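**Student:** Below you will find the structure I want to go over with you.
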Amino acid sequence: MYLTPEEDKILAGEYGEGMRKAMEILVAIGKIYDAERLIPISSAQISGVSYHNIGDAGLEFLRDFSRGAKVKVKATLNPGGVDLGRWREMKIDKEFMEKQGEIIKIFTSMGIEPTLTCTPYLVGNLPSKGEHIAWSESSAVAYANSVLGAYTNRESGISALAAAIVGKTPMYGMHLKENRRPGIRVVLKTELRYRSDYSVLGYAIAKKTGHSIPYIEGVDKADLESLKLFAASIATYAGAAIFHIKGLTAEWMDFEAPKDYIEITKRDIEEGYGFLRDEFREVDMVWIGCPHTSLKELEEITRLLKDKKVATELWITTSRQVREKAERLGYIEVIEKSGAKVIIDTCVAVAPLLGKFQTLVTNSAKAFYYSRGVNRFKVKVANLEKCIDTALRGVWV
Amino acid sequence: MEFKGRSISKGFARGEVLLSREPISFYGGVDPNTGVIVEKGHPLEGKSIRDKILIFPRGKGSTVGSYIIYRLAKSHMAPKAIVNIEAEPIVAVGAIISGIPMIDKVDEKIFDLLRDGDIVEVDGDRGILRWMGRG
């Protein structure tokens, strides 16, 4: 890989140990993927924040690595393992809380904004079309490449951090236009009525197309929230970094529809819901907010919960910024009066909830995957109205 | 006998070979406190990677694996060097942040030509593994 004289100096340690290590990481990744050179980035999104995920190993690394290291570009943080304001209510112990606090402090000391959300694009980290960025958090990567038309690989927490410190990333994969070309045409033969249908569509496409980049036809409309759910789902089940939807996403016009072709029918969506529903009746928890909810979703939830009382735990996860806006509009008061909790800084998938709840209903296929894997929940996926209705009844009907 | 590969993480190490024909996941697959392989059904299950020249095809699993390698190194439970057929970012980044010499792109015949316990030297700067003798 070609390095400029300046980059060589960084690698030789002339700008300190933090910069040297970060550069060494980027060079190794560049070598592995045969990158020609490094390119400047304008933003980073850094995952690996929850103490539940990274553990003492991650905390130790961050402690050492952060000495003297500062980020060069706008950088935001993924959710941690706890709502910093209400850890007691979340049944989370003090030691966890303290370690989580230290992790966040370390990131902040490097100049990273403690946004603690998987939706950076809703809180001011909003790259433009054609900008090169280094994001981790797979749902945000798929959203940024596809909907925003920014260029990013699926970074790990460490590689995104290294890129933020150097202000560059190796040029390979999604940074090259030819690698963003769709490989399979997906024709949707059914109508999508609910946002959760988009989430199930992500699973259904992944099941049929594997790792090919899809070029999807037949989706007439999709709001930001539907695309956010779809991106999260297809990133989870297909490992997708990018997708194209005819008429909707940023780059669909730049490519011809591929010849290879599959259809997604009503039956595929129904079968998807079938797969995404474990067996159970009694519901412990309902979770909306994977990825974190937007203001519009909070407004809809407010309408559904007005003057009602929930019979299960109902957690709505979002970012601090969106919660603050919703608070000013009076949404939070209405939602929490029902007994629901609007939780920030974290989510159900990365919080230490193992053994604390058994059954979960959610509107996100990504949530299905991670709640089962990390916290061993039994899970069902349903649309927002059905989720809220289930929270009010306490049982699945 | 010498194997020419590619430098991934700099440094020099000499030690005993431990071979695994299967990929290794450090997160979930290796006990971060003892360096013992705990993945069920793994050919190295129950064996310690501590102070070995660990030779395996490639890493797999979660990116948290990089941090586990770091933790192993800090508590002196890590391998002395890592040799892969094809490096991927989880193990490569783990080796770099931990200061463990690592090379890749060595010939796959290495699994037939070397035995567990052989003494080898790994030159992480030049991407070379040198056989020094049977252990």
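The values are calculated or read from the model by the stated rules, or taken from the named source; none is laboratory data. Treat the numbers as computed from the prediction; the structure is a model and nothing was measured. Counting neighbours? That spans all protein chains shown, and the Cβs are built from the backbone with ideal geometry, glycine included. Side chains are part of the model used for accessible areas, which takes the heavy atoms of the whole protein and leaves out ligands, DNA and RNA. Shrake-Rupley method; radii C 1.70, N 1.55, O 1.52, S 1.80 Å.
**Student:** Return yes when B:G65 is under 12 Å from the mean Cα position of the chain (by Cα), in contact (Cβ under 8 Å) with a residue 12 or more places away in the chain and surrounded by 24 or more Cβ atoms within 10 Å (Cβ to Cβ) and no when it is not.
**Tutor:** Against the criterion (under 12 Å from the mean Cα position of the chain (by Cα), in contact (Cβ under 8 Å) with a residue 12 or more places away in the chain and surrounded by 24 or more Cβ atoms within 10 Å (Cβ to Cβ)), B:G65 does not qualify.
**Student:** Could you tell me whether B:R50 is basic (K, R), in contact (Cβ under 8 Å) with a residue 60 or more places away in the chain and at negative phi?
**Tutor:** no
**Student:** Pick out the one residue from A:V322, A:V350, A:V361, A:V374 that is in a strand (DSSP E or B) and under 23 Å from the mean Cα position of the chain (by Cα).
**Tutor:** A:V361
**Student:** What are the pairs with Cβ atoms under 7 angstrom where one residue, in the range A:5-28, is closer than 14 Å to A:I165 by Cβ and in contact (Cβ under 8 Å) with a residue 12 or more places away in the chain and the other, located anywhere, is open to solvent by 30 Å² or more (accessible area, probe 1.4 Å) and basic (K, R)? Sequence gap at least six, or different chains.
**Tutor:** Sorted first by the residue in the range A:5-28, then by its partner, the pairs are A:I10/A:R20; A:L11/A:R20; A:G18/A:R67; A:L26/A:K168.
**Student:** Looking only at the range B:1-18, how many residues end up being away from every other protein chain (no Cβ under 14 Å) and open to solvent by 20 Å² or more (accessible area, probe 1.4 Å)?
**Tutor:** Total satisfying the criteria: 6.
**Student:** Which of the residues spanning the range B:86-99 are of a type in the set (A, V, I, L, M, F, W, C) and open to solvent by 10 Å² or more (accessible area, probe 1.4 Å)?
**Tutor:** Across the range B:86-99, the qualifying residue is only B:I90.
**Student:** How about the range B:35-135: which helices (runs of 4 or more DSSP H) wholly inside it have at least 1 residues that are farther than 30 Å from A:G173 by Cβ and within 14 Å of chain A (Cβ to nearest Cβ)?
**Tutor:** Because the criterion is at least 1 residues that are farther than 30 Å from A:G173 by Cβ and within 14 Å of chain A (Cβ to nearest Cβ), the helices (runs of 4 or more DSSP H) in the range B:35-135 that meet it are B:65-74.
**Student:** Do we have A:A257 as modelled with pLDDT under 95, open to solvent by 10 Å² or more (accessible area, probe 1.4 Å), in a loop (DSSP other than H, G, I, E, B) and not assigned by TED's automatic domain parsing to the domain that holds A:S156 here?
**Tutor:** For A:A257, the condition - modelled with pLDDT under 95, open to solvent by 10 Å² or more (accessible area, probe 1.4 Å), in a loop (DSSP other than H, G, I, E, B) and not assigned by TED's automatic domain parsing to the domain that holds A:S156 - is not met.
**Student:** Within the bounds of the range A:324-338, is there any residue that is touching a strand residue (DSSP E or B) at 6+ places or on another chain (Cβ under 9 Å) and closer than 30 Å to A:I205 by Cα?
**Tutor:** So far as the range A:324-338 goes, no, none of its residues is touching a strand residue (DSSP E or B) at 6+ places or on another chain (Cβ under 9 Å) and closer than 30 Å to A:I205 by Cα.
**Student:** Can you tell which of A:I29, A:I46, A:I10, A:I41 is over 17 Å from A:K72 (Cβ atoms) and open to solvent by less than 30 Å² (accessible area, probe 1.4 Å)?
**Tutor:** Result of the check over A:I29, A:I46, A:I10, A:I41: A:I29.
**Student:** Which number in (1) in contact (Cβ under 8 Å) with a residue 60 or more places away in the chain; (2) outside any strand (DSSP E or B); (3) over 22 Å from A:P79 (Cα atoms) marks the one condition that A:I301 misses?
**Tutor:** (3)
**Student:** Okay, moving on. Would you tally the residues in the range B:19-34 being open to solvent by 40 Å² or more (accessible area, probe 1.4 Å) and either away from chain A (no Cβ under 14 Å) or of a type in the set (G, A, S) (or both)?
**Tutor:** The qualifying residues number 3.
**Student:** Taking the criterion of being in a helix (DSSP H, G or I) and either surrounded by fewer than 20 Cβ atoms within 10 Å (Cβ to Cβ) or within 14 Å of another protein chain (Cβ to nearest Cβ) (or both), would at least one residue in the range A:64-78 satisfy it?
**Tutor:** yes
**Student:** Still on this structure, please answer the following. Go through the range B:6-34 and report how many residues are within 25 Å of A:E24 (Cα to Cα) and assigned to a loop (DSSP other than H, G, I, E, B).
**Tutor:** 5
**Student:** Every residue in the range A:12-49 that is in a loop (DSSP other than H, G, I, E, B) and at the interface with chain B (Cβ under 10 Å from one of its Cβ atoms), please.
**Tutor:** A:Y33, A:S47, A:G48
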